[in-house]
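Okay, structure first, notes after.
Just so it is clear, none of the values below were taken in a lab; they were calculated from the coordinates. From a predicted model like this one, the values you see are computed outputs, not experimental measurements. Quick reminder, even Gly has a Cβ in these numbers, built from the backbone with ideal geometry, and neighbours come from all protein chains shown.
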Amino acid sequence: MSLAGFDHVFASAVEMHLAEGLRIRVVPAVVTVLLKIIAYMEDPHRRSKDLQDIRVVLARYEAQSDRLFSDAVFDAELPDFEVASAFLLGLDLRALATNDDAKYVMNFLMYFLRQEDEGYFDDDDFSTKAFRDQIRALNRGFAGDRSGSRRHGAESDFQWQETAPPSLGERPVTAFANRQIIQT
């Protein structure tokens, strides 16, 4: 495992008060997702748990926030409000990511978007359909403008470009069941 993305752990940590005199520093969800994307892309067959965790955050990011009703979300004209969390996560990942981080995120997105283009997803599985919609929304947020995003770290001048993702094996992702990745 590389240390890619770890510069954000301490720079972005926020202090939480748990009880009188008890404070801890925690990493925001956007940083955790970035680290999980990097870990998954470096070793997808051993890091399938990271993909499960990413899926949970895609559905719940900023769920208790007014940002779900922000101009950025409405201006994006998303096909379904259910993917607004994934879109916001994409915006925040874009604001956080350095050039090196952005390459991992782009490869992650391209891998799953290509799986969809090549018809490897089960269209009848609701969980798979939801994941595909979330990946598309995450991609829109990450590729889009940064005006609706909070700034979490250093500015990135990364330019969106086609790069080939690392090889993730010959067997494509075909379905998700019980939050486990199934390959055939």
Pop the C-beta distance of E77 and Q52 into the FRET formula with R0 = 35 Å and round what comes out to the nearest 0.05.
0.75
Residue separation times 0.36 nm, minus the C-alpha to C-alpha distance between F10 and A63: what's the value?
16.6 nm
Per the C-alpha gyration tensor (a ≥ b ≥ c, the square roots of its eigenvalues), the range 35-140 is rounded if a/c is under 1.5, else prolate if a/b beats b/c, else oblate; here it's oblate
